[in-house]
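The values are calculated or read from the model by the stated rules, or taken from the named source; none is laboratory data. Bear in mind the structure is a predicted one, so any value in this text is a computation, not a measurement. Here the Cβ positions follow ideal geometry from the backbone for every residue, glycine too, while neighbour counts run over all protein chains shown.
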């Protein structure tokens, strides 16, 4: 046997070894030294002398690109044409998992007199062995394609179930255990930004400055950077905040399993604000034309054309007099500021709820609040019980793993499942809190506001006037030039005006 081996070595059959692992993590786990040892033994058995080792660590075999060691090997064989006779690999898929790429590499090496030999698979120079080699290369691609398809299907399944796919979440959220959860440092601040944007009183530049002043930042190229108007526009267009998942890869929009920051109504309200600002196809905020001399400008509309009233001064003999005028094409429609103010105050007095209706409404709020508080406390208690059970299950799991009943693989799988359930239970518990609301403060504010809407209007700032009138008359009010205002009261104000004592249970809590 030794004599035969010496004769073969005298012929001078030389070879190199190519070793590869697919990821950086596998460099330690899938030993390249083990591959090399197997290749060396097979080469020795076949009578080849190994003169060079090529190690490709942490590289994928999906494409040739990004694999400098393989390219160096091909160039090495070209320079030593007919001096290198074989390339030994642990398996053929170490060369490539794409059949076309593998055949191209084999052809390139063959032109320089080099054969690819697998240390663990049947390969050789005979027609049958080459056929088997090609089939094995095809199986490598098939395996790769199946894995890719499973990965794609798994990603799609996660998306369709409302779970994260990319692992990235917008400002205000963080990722924990594969789930999007509230970021305690930024959640309330971003929520405040949404509320402020919904008022329609701030431009994107102003909102960006305010968010920066509040300490918010964005991450770009792994660095914290100031928030700019373009980022603000993208943030307020993201449906993730209202609980909806969308993706460039999948056409569907799914209800996410994360906690929404805002309601669907607030989201679309902000979209209306942004669209109203889009005059040059750039989402810039609409200018707020507030003027203390004309607080109702753009708030009250012209009944003839529906355009908001504008304001201006007319010069008299001894003074300048303020007037409201139609902002459209209507002519001869000037209204004295005092006349419109008085008409509005008269209307507000008319829609101010009677004391008995207001008292009933406040009592109803207390009753509803305490019922809601009771339900939320029950949910919170159930979540606490669930969390305690999961902690006990995890404790038993650790014991069984340490005692050898469960393997490390089973332990990791079960531990991940428990962690997911723990996060869900914690999310439910966090959402079941109502401690930040003070019902006495809320009802006191409502009673003061609704006791005299005309006085509330007079005490309001310019921005508050818009909010107040918008809540009472959601469809707006219009001056009809007959000394009155056309209006439609919102359903909630209409309900308060006609509040019936039958709504309140005789056992419901009452406050004064």
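Quick look at the values:
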| quantity | calculated |
| --- | --- |
| Selected residue (only one of 206, 133, 224 is modelled with pLDDT of 85 or more, out of contact with any strand residue (DSSP E or B) (no Cβ under 6 Å at 6 or more places or on another chain) and farther than 28 Å from residue 420 by Cβ) | 206 |
| Tally of residues being without any contact (Cβ under 8 Å) to a residue 60 or more places away in the chain and either in contact with a strand residue (DSSP E or B) (Cβ under 7 Å, 6 or more places away or on another chain) or in the same structural domain as residue 486 (by TED's automatic domain parsing) (or both) across segment 303-327 | 15 |
| Test result for residue 421, under 30 Å from residue 325 (Cβ atoms), at pLDDT 75 or above and surrounded by 13 or more Cβ atoms within 10 Å (Cβ to Cβ) | no |
| Among the residues listed as 209, 202, 248, the single one being surrounded by 13 or more Cβ atoms within 10 Å (Cβ to Cβ) and assigned to a loop (DSSP other than H, G, I, E, B) | 202 |
| Out of 367, 349, sole residue that is within 27 Å of residue 299 (Cα to Cα), at pLDDT 80 or above and in a helix (DSSP H, G or I) | 349 |
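Yes or no, residue by residue, for (1) without any contact (Cβ under 8 Å) to a residue 60 or more places away in the chain; (2) within 30 Å of residue 491 (Cα to Cα); (3) under 33 Å from the mean Cα position of the chain (by Cα):
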residue: 358; (1), (2), (3): no, yes, no
residue: 369; (1), (2), (3): no, yes, yes
residue: 380; (1), (2), (3): yes, no, yes
residue: 383; (1), (2), (3): yes, no, yes
residue: 389; (1), (2), (3): yes, no, yes
residue: 394; (1), (2), (3): yes, no, yes
residue: 401; (1), (2), (3): yes, no, no
residue: 405; (1), (2), (3): yes, no, no
